[in-house]
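Scroll down for the structure; my scribbles are underneath it.
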Amino acid sequence: MILFNFKVLHKVMTATMCRKPHFNIANLLLLCFSVFFTVISNAQCPQNIGFESGTFINWECFAGNIDGFGYINVASTAPIADRHVIIANSVPQLKDYYGGFPINCPNGSKYSIRLGNSNTGSQAERVSYTFTIPPSQTDFSIIYNYAVVFQNPNHAAIQQPKFTAKVFDVTANRYVDCGSFQFVASGNLPGFQVSPVKADVFYKPWSPITIKLLGYAGKTIRLEFTNNDCTPGGHFGYAYIDVNENCTSPISGNTYCAGTTDSLTLVAPFGFQQYNWYSSDFSTLLGTSNTLTLSPPPPPNTTFALEIIPYPGLGCLDTLRTTIQYSDTLFNFHTLDTLATCSSSGVDLTLPYVTAGSSGGLSYSYFTDYSQQNYLPTPSFINTPGTYFIKGTNSEGCNAIKPINIILKTPPTLIIKNPPLACAPQKVDLTDPTYKLGSDAGLIYTYWKDTLATIPIVNPTMIDASGTYFIKGTNP
């Protein structure tokens, strides 16, 4: 276990000549680290489909209105302030006014967007992304994440605020079956909650949905997200959106590499109500959660079937298949078992030492649960103790997930009293306990010449020169 203790440095002034003493008030120095967190995008995903450039590049924005009959009329436009909004992830995360949930997607990405606002007036907004699925990629999926906030007026369903997600097959000139989802303001929608701020506002925090596009290799597809207010114009609706920049097979984890022969975990697509894992001939039910752990890994070319059952009104029942593959690429994934620090500084799970010893070139994902359904929103700043999970994945698709225990300690109290004036040839003993009265008991003290504590004082009991010195107190 590696223990990172809170470090406090205090200045101490001494003098070796009989002159008017000059003392500095001890300063508490907190060291902060600047973090650069890089998200490694899957090369199979279209560029900037997840807004990770911090812009709407490759997206097309639309704005307009919804008429009294429920028809949406929008025209292409440059992004409009407060209607097409890029939201950068931040620490601490900003919260939605009505729902209190983070406005950034908890999938670990750097940017999300907001479509619409809390203004009224029958406004409608849309963003769309058009791309061609690679000819060789017959098994293609997209995971998008959404959160919505609606006023729920006493209107007919066609008049209500709503959020719609659709997939359009440009090649065939038709919308994709089971790829369209519509959320309408209603008090009985599953997953919706009443706002604690306003009783007629309903919200749904971030949720993922997987769009499976099997057999669309080489076809041009358009992804559409549309938001609108109520048709009479007196009630608002808006949505938050993000798209995962990982467009691999709907079932991940089917590849294992040299060095990972203990087990293999298959991970199903997100956003479904129920999962049933079967052997290839459906004779044996193997599991009913979104993950299936196989120990030891089955032989290569073994096939499994997964039945995915959607929530009512959110897609179609379907069956997916996955085939186990083996790669000779060596895969090593290591994490620290435990990280301990002081509560004021938090823990950064993205720093290289956390995964030291792992194979090079791995991409990392961070979760609050082993089943990988809940991303850790800000892995670079963890200020709540508990167990979290880090997943490492290489370019071959081999991956593993491991827990890490976070311990947050209370920072110690260190009080330093400057020593009295000393006259040559007198010496000053910085280790004198009277200079530290009021500090926490049991602290371990070290003595330094610089604020970064890199130059130790050889003999802190025999200070014979005027100057500023530093005492560091560390709790066990």
Study note, to complete from the structure: Among strands (runs of 3 or more DSSP E) entirely within the range 46-100, at least 2 residues that are among the small types (Gly, Ala, Ser) and surrounded by fewer than 16 Cβ atoms within 10 Å (Cβ to Cβ) occur in 72-77
Review point. Where residues in the range 408-441 are under 38 Å from the mean Cα position of the chain (by Cα) and surrounded by fewer than 15 Cβ atoms within 10 Å (Cβ to Cβ), which of them is nearest to residue 469 (Cα to Cα)?
Key: 413
Check your understanding: Is it true that some residue in the range 343-360 is surrounded by fewer than 17 Cβ atoms within 10 Å (Cβ to Cβ), touching a Leu at 6+ places or on another chain (Cβ under 9 Å), free of Cβ contacts under 8 Å to residues at least 40 places away in the same chain and within 30 Å of residue 266 (Cβ to Cβ)?
Key -> yes
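Report the residue count in the range 380-395 for those that are under 14 Å from residue 333 (Cα atoms) and in a loop (DSSP other than H, G, I, E, B). If you could, list the steps in order and put the result at the bottom.
Here is the first cut: in the range 380-395, the residues under 14 Å from residue 333 (Cα atoms) are 389-395.
Now restrict to residues that are in a loop (DSSP other than H, G, I, E, B): 394-395.
Looking only at that region, the number is 2.
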Revision key, fill the gap. From the option list 271, 259, single residue qualifying as crowded, with 18+ Cβ neighbours inside 10 Å and assigned by TED's automatic domain parsing to the domain that holds residue 363 is 271
Check your understanding: Within the set of pairs 6 or more residues apart or between chains, which connect a residue that is closer than 30 Å to residue 252 by Cα inside the range 137-160 to a residue that is surrounded by fewer than 23 Cβ atoms within 10 Å (Cβ to Cβ) and among the acidic types (Asp, Glu) with Cβ atoms less than 9 Å apart?
Key -> 147/96
Point to revise | Every pair of residues 6+ apart whose Cβ atoms lie under 7 Å, when the first sits in the range 457-475 and is part of a strand (DSSP E or B) while the second is crowded, with 19+ Cβ neighbours inside 10 Å and of a type in the set (Gly, Ala, Ser) | key: 473/439
Study note, to complete from the structure: Quick count over the range 136-165, residues being buried (at least 17 other Cβ atoms within 10 Å of the Cβ), among the hydrophobic types (A, V, I, L, M, F, W, C) and closer than 25 Å to residue 70 by Cα, is 6
Practice item. Could you please find all residues in the range 101-126 being in a strand (DSSP E or B) and under 18 Å from residue 52 (Cα atoms)? Key: 102, 111, 112, 113, 114, 115
Exercise for review: Go through the residues of the range 228-247 one by one and say whether even a single one is in the same structural domain as residue 127 (by TED's automatic domain parsing), of a type in the set (Ser, Thr, Tyr) and in contact with a Gly (Cβ under 8 Å, 6 or more places away or on another chain).
Suggested key: yes
Practice item. Please specify each residue of the range 355-379 satisfying the condition of being modelled with pLDDT of 85 or more, farther than 23 Å from residue 273 by Cα and in a loop (DSSP other than H, G, I, E, B). Key: 356, 357, 358, 359, 360, 361, 362, 379
Check your understanding: Taking into account only those residues within the range 111-134 that are of a type outside the set (S, T, N, Q) and out of contact with any Ser or Thr (no Cβ under 9 Å at 6 or more places or on another chain), which is surrounded by the fewest Cβ atoms within 10 Å (Cβ to Cβ)?
Key -> 121
Practice item. Pull up the range 196-217, narrow it to residues that are farther than 18 Å from residue 180 by Cβ and in contact with a strand residue (DSSP E or B) (Cβ under 7 Å, 6 or more places away or on another chain), then point me to the one that is surrounded by the most Cβ atoms within 10 Å (Cβ to Cβ). Key: 202
**Study point:** Residues that are at pLDDT below 90 and within 20 Å of residue 123 (Cβ to Cβ), drawn from the range 155-185
**Key:** 155, 156, 157, 158, 159, 160, 182, 183, 184, 185
**Study point:** Extreme residue, surrounded by the most Cβ atoms within 10 Å (Cβ to Cβ), among residues of the range 223-236 that are over 25 Å from the mean Cα position of the chain (by Cα) and closer than 30 Å to residue 173 by Cα
**Key:** 229
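Is it the case that some residue within the range 225-233 is in contact with a helix residue (DSSP H, G or I) (Cβ under 6 Å, 6 or more places away or on another chain) and of a type outside the set (Asp, Glu)?
Pass one, the range 225-233, residues in contact with a helix residue (DSSP H, G or I) (Cβ under 6 Å, 6 or more places away or on another chain): 230-231.
So of that shortlist, the ones also of a type outside the set (Asp, Glu) come out as 230-231.
For the range 225-233, residues in contact with a helix residue (DSSP H, G or I) (Cβ under 6 Å, 6 or more places away or on another chain) and of a type outside the set (Asp, Glu): present.
The values are calculated or read from the model by the stated rules, or taken from the named source; none is laboratory data. None of these values were measured; they are calculated from a predicted model. Neighbour counts are summed over all protein chains in view; Cβ atoms, including those assigned to glycine, are modelled from backbone coordinates with ideal geometry.
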